[in-house]
Amino acid sequence: MADWSFLRNFAAKTDKMNKTNIAIFVSGSGTNCENLIKYFKGSERVNCALVVSNKADAYALVRAERLGVPTAVTPKADLNDPDVMLPLLKRYDIGFIVLAGFLPLVPTFLIEAFPRAIINIHPALLPKYGGKGMWGHHVHEAVKAAGETETGMTVHWVTPVCDSGEIIAQFRTALSPDDTVDDIARKEHQLEMEHFPKVVEEVIKSAAEN
């Protein structure tokens, strides 16, 4: 097997004079993916260099291709193979990974190769409603069933344990008893559209300045 140890710290090295190339990992429709690509178009700091999906039929791939961003499909076997993933990310000089509705667990070798350089968005106020099976409408249904008076989105660092990484930022929105699951999803999604790109930008800016 090839020795990828030289990649261990390359993701943390950010040249202040150059853009940071990010890879966006997605599994579904890709509204956050498209939002990120559009937000960083023309940015002097961040370049959306690659969109990766574990699903060949993810509509996020269509969105990315329409916006001129290269894509790659990495089913489970490829995602968990360092001899596939690390060369792919190196080819696009990726320095940061953003999970934007990516369902599989990120393999440990990627977390080790990208220390403090992988973040995830979660559609709830972690640590509530996180962990296995808590994604998409499953989260919003759980929030509704619990009678919560607020919900929100969380951005956190990625660790080998699902949804357990240190929280970077949270944004909240009030709920009423009359809100349906779809209403909850809509309110939370509005937070994602407004805040997620700004958080990504701030995290990368902070990494470049330290």
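The values are calculated or read from the model by the stated rules, or taken from the named source; none is laboratory data. Note that the structure is predicted; figures quoted are calculated from it, not measured. When we count neighbours, we look across all protein chains shown, and the Cβ atoms used for this are built from the backbone with ideal geometry, even at glycine. These area figures cover heavy atoms from the full protein model, side chains too; ligands, DNA and RNA do not enter into them. Shrake-Rupley method; radii C 1.70, N 1.55, O 1.52, S 1.80 Å.
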Check your understanding: What order do Lys128, Lys55 take when sorted by accessible area (1.4 Å probe), most exposed first?
Key -> Lys128, Lys55
**Study point:** Å² of accessible area per residue within the range 93-143, as computed with a 1.4 Å probe and no ligands counted
**Key:** 40
Practice item. May I ask you to rank Asp179, Asp81 by accessible area, largest first, using a 1.4 Å probe over the protein chains only? Key: Asp81, Asp179
Exercise for review: Would you check the accessible area of Met85, probe 1.4 Å, heavy atoms only, in square angstrom rounded to 10?
Suggested key: 0
**Study point:** Residues of the range 150-210: accessible area per residue with a 1.4 Å probe, Å²
**Key:** 49
Review point. Of Lys38/Lys132; Lys144/Lys205; Lys38/Lys205; Lys90/Lys205; Lys76/Lys132; Lys38/Lys90, which pairs sit farther than 28 Å apart, going by alpha carbon to alpha carbon?
Key: Lys38/Lys132; Lys144/Lys205
Check your understanding: Given the options Ile94, Ile37, Ile168, which has the most mean-square fluctuation in a GNM of the chain, springs set between C-alpha atoms less than 10 angstrom apart?
Key -> Ile168
Check your understanding: Label-point separation (nm) for Glu44 and Thr173, each offset 7 Å from Cα along Cα-to-Cβ?
Key -> 3.3
Review point. So what is the diffusion coefficient of the range 46-140 in µm² per second by Stokes-Einstein at 4 °C and 1.567 mPa s, using a Kirkwood Rh over Cα pairs?
Key: 89
Check your understanding: With point charges of +1 on the Cβ of Lys and Arg and -1 on the Cβ of Asp and Glu, referenced to the Cα centre of the chain, which listed residue (Leu88, Gly30, His140) lies farthest in the positive direction of the dipole?
Key -> Leu88
Review point. How many nm is it between the label spots at Lys90 and Ser206, if each spot is 7 Å from the Cα in line with the beta carbon?
Key: 3.0
**Study point:** Nearest-20 debye value, the chain charge dipole, Cβ charges on Lys, Arg, Asp, Glu
**Key:** 500
Exercise for review: Leaving ligands, DNA and RNA out of it, rank Lys198, Lys76 by accessible area with a 1.4 Å probe, largest first.
Suggested key: Lys76, Lys198
Point to revise | Equivalent ellipsoid, the chain (semi-axes from 5 times Cα gyration tensor eigenvalues, Å) | key: 29, 18, 17
Check your understanding: Dipole of the range 113-199, Cα-centred, from +1 at each Lys and Arg C-beta and -1 at each Asp and Glu C-beta, to the nearest 20 debye?
Key -> 340
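Taking all protein chains as present, what is the carbon and sulfur share of the accessible area of the chain, in % to the nearest whole number, probe 1.4 Å?
Whole-percent figure for carbon plus sulfur exposure: 52.
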Review point. Where both partners of a DSSP beta bridge lie in the chain, what percent of those bridges are antiparallel, to the nearest 5?
Key: 40
Exercise for review: Using a Gaussian network model of the chain whose springs link C-alpha atoms within less than 10 Å, name the residue from Ala117, Ala64, Ala72 with the highest mean-square fluctuation.
Suggested key: Ala72
